[in-house]
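Below is one structure, written out as structure tokens, with a few remarks after it.
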Amino acid sequence: MNIYTGGSFNLFHEGHVELLEYCRKLAGDGQVIVALNTDDFIARFKGKAPTMTYSQRRAVLLSCKYVDNVIPNYDGEDSKPSILDAKADMIVIGMDWLDKDYCKQMSFNSEWLNKNKIALCYVPRTTGTSTTKIKEIVKNG
Ligand code: CTP
């Protein structure tokens, strides 16, 4: 099964590792594909540029043993073609997306998922760590 997941992965941490490990387990012999938000995407979505550039974040993700491929997730672009290109069987994201309308952001809806036989899976965050919290810790010393 091919798993498609996405995010900014700005400051890579154990929460990301656990999500990707879970994706790997679900994938079995299939692939784990990460749609990585571009710098422009993050600048618009979060109001400022990421600490690490797209190419730095991509390099870290590609070094993770759970990840097979990293593709760009551009601001304002329809994600459906890249999800189909990835031959995704399942889209996996953290449960923090439950109240942020992931479908709308990615330009698909449940009819499109059903038509293409793609499951959408929300996984619990197993740790309270986040890029935002790491930035606060660094800032406060
Ligand atoms: N994620 C997770 N567990 C965490 C942190 C993130 O499972 N503790 C998941 C998110 O739900 C998302 C993916 O990792 O599916 C990428 O999340 P991202 O937003 O890049 O990471 P955060 O650390 O949450 O970044 P920020 O604080 O900037 O929102």
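Here are some notes:
- Annotation: the antiparallel percentage among DSSP beta bridges lying fully within the chain is about 0.
- For the chain, accessible area per residue (1.4 Å probe, heavy atoms of protein chains only), Å²: 57
- Cleavage-rule hits (GluC sites (Glu not before Pro)) in segment 1-85: DSSP loop, at most 15 neighbouring Cβ within 10 angstrom: Glu77
- Mean Cα-pair separation over length for segment 84-132, i.e. relative contact order, pairs under 8 Å, 6 or more apart, %: 54
- Carbon/sulfur fraction of accessible area - the chain, other protein chains in place, 1.4 Å, %: 53
- Computed over the chain, Kirkwood Rh from alpha-carbon pairs, angstrom: 15.4
- Exposure rule at most 16 other beta-carbon atoms within 10 Å, DSSP loop trypsin sites (Lys or Arg not before Pro): the chain longest free segment: 1-47
- Amide proton proximity set for Ile71, modelled H, under 5 Å, gap of 5+: Val34, Ala35, Leu36
- Distance from the C-alpha centroid of segment 1-61 to that of segment 67-81: 10 Å, rounded to the whole angstrom.
- The number of Lys pairs in segment 1-129 with C-alpha atoms less than 22 Å apart, excluding pairs fewer than 8 positions apart on the same chain, is 17.
The values are calculated or read from the model by the stated rules, or taken from the named source; none is laboratory data. Just so we're clear, the structure is a prediction, and the values are computed from it rather than from any experiment. Don't worry about glycine lacking a Cβ; one is built from the backbone with ideal geometry, like all the others, and counts go over all protein chains shown. What goes into the accessible areas is simple: the full protein's heavy atoms, side chains included, and nothing from ligands, DNA or RNA. Shrake-Rupley method; radii C 1.70, N 1.55, O 1.52, S 1.80 Å.
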